[in-house]
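Undergrad: Sending over a structure as structure tokens; questions will come in a sec.
Bear in mind these aren't lab numbers, they're just calculated from the coordinates by the rules spelled out. Predicted model only: the values in this text are computed from it and were never measured. When we count neighbours, we look across all protein chains shown, and the Cβ atoms used for this are built from the backbone with ideal geometry, even at glycine.
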Amino acid sequence: MAGANGPLLGGLGAAAFLRDYWQQRPLVIRRAIPDFTNPIDADELAGLACEPAVRSRIVLGHPDRRDWSVEYGPFDPERFAQLPETAWTLLVSEVEHYWPDGPDWLRRFDFIPRWRRDDLMISYAVRDGSVGPHIDAYDVFLFQAQGRRRWQIQEPPPKSPICLPALPLAILRRFEPTSEWILEPGDMLYLPPGIPHLGMALDDDCMTWSIGFRAPAWREVVGAFLEERLESVGPERIGDAGREPSLHPHELAAGDLTALRCGLLERLRTQPAELDRFLAGFLSRPQQEAPADDDESDDSSKAPVRELDPSARYRFDPDLKRYWIRSDAGILLFAGGHSLAAAGLTAADAESFCSADIIVPEAWRGAIPELLPVLEDLLDLDLIEPDD
């Protein structure tokens, strides 16, 4: 397999990897990126962790001592000078949003669709730095960018894993490693979900890049689908005109159950094309953030609605999810939960729209008639902004 920046899986092709390893078993890839030079140093990562908008944390502790603690950013720069000489790790999430070359670097993983990809998290650790033995609910590629790290895994995983109590981290109470590897710079480990694992920095200045691939839980999908179907159900009540006299007043008779069951299924039923549109819209929805404690409902505090200038340049927020599907009527685009008919677009055009950092609405609205009102909504939600 060759990504935007060259080979990634060694001599293994993407099809073979997906067939034999993806969501099935771990894989160590030696020299995944040969002669790799780390472009991000510890000071840059620490600087990001001091920014209010960046998600970061520091984990302190050692598996032998089980003295785990966690601190959440943003951090004061002086905090880093106060850390011990060993056994701590700094983790910074969504680095691709702040490193200009991040999106291009991540294109190496485009053999897996974007709706599955979560983010690029970078950890910096001193010797014995670790986040403890744990289990991830998502696929992850662990790329060694600098220094050495020992990875241990436990197979088969326990049927009922138990975590240490009273900790903000999901650290396993028991971990019995069955395999281990030491990763050098340029090496990479793939782990499917559910495999207990423990990483330990063997050197100071150890840096590991974690590329996660997360999928929604089925209960989230079903819940969202039921919410959408509920909106389409009218106010009419259950009717039973023409019923026969009841022989047993406390019995839920077969005829009643059949009528109720058929009525329920009818209101849940949807055509495959409608279901496709729901799924694409669901997967492109922006994440909902909890309102701040001091958030007031007074509309006077809200920013005024901004007008969209079709001839101006607008930059997409990196968190805005954009996908497309093929339908009987042609291409359908999805952005931030909105669907956009774009029958005249080719697959290449759709990919171009979904991967663009900057857009001039005027250049697209001929092929995407409903684009302007959707962009106005995204502008109001701060998911696009003028590219000044």
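Undergrad: Can you name the helices (runs of 4 or more DSSP H) wholly within region 14-85 that have at least 3 residues being under 18 Å from Ala125 (Cβ atoms)?
TA: 42-49, 77-81
Undergrad: Can you work out which of the residues in region 66-97 that are free of Cβ contacts under 8 Å to residues at least 12 places away in the same chain and among the charged types (D, E, K, R) is surrounded by the most Cβ atoms within 10 Å (Cβ to Cβ)?
TA: Asp67
Yes/no per residue for (1) over 14 Å from Ser210 (Cβ atoms); (2) surrounded by 19 or more Cβ atoms within 10 Å (Cβ to Cβ); (3) hydrophobic (A, V, I, L, M, F, W, C):
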residue	(1), (2), (3)
Pro103	yes, no, no
Tyr138	no, no, no
Cys163	yes, no, yes
Arg174	yes, no, no
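Undergrad: Would you confirm whether any residue within region 249-256 is surrounded by 11 or more Cβ atoms within 10 Å (Cβ to Cβ) and either among the aliphatic types (A, V, I, L, M) or within 25 Å of the chain's Cα centre (by Cα) (or both)?
TA: yes
Undergrad: Of all residues in region 364-386, which are in a helix (DSSP H, G or I) and either surrounded by 13 or more Cβ atoms within 10 Å (Cβ to Cβ) or aromatic (Phe, Trp, Tyr) (or both)?
TA: The answer is Trp364, Leu371, Leu372, Val374, Leu375, Glu376, Asp377, Leu378, Leu379, Asp380.
Undergrad: Okay, moving on. What about Pro100, is it assigned to a loop (DSSP other than H, G, I, E, B) and free of Cβ contacts under 8 Å to residues at least 60 places away in the same chain?
TA: yes
Undergrad: Sticking with this structure for a sec: So how many residues does region 24-41 have that are under 17 Å from Val95 (Cβ atoms) and among the charged types (D, E, K, R)?
TA: Looking only at that region, the number is 1.
Undergrad: What residue, of Ala215, Ala166, Ala170, is among the hydrophobic types (A, V, I, L, M, F, W, C), farther than 27 Å from Glu85 by Cα and not in a strand (DSSP E or B)?
TA: Ala215
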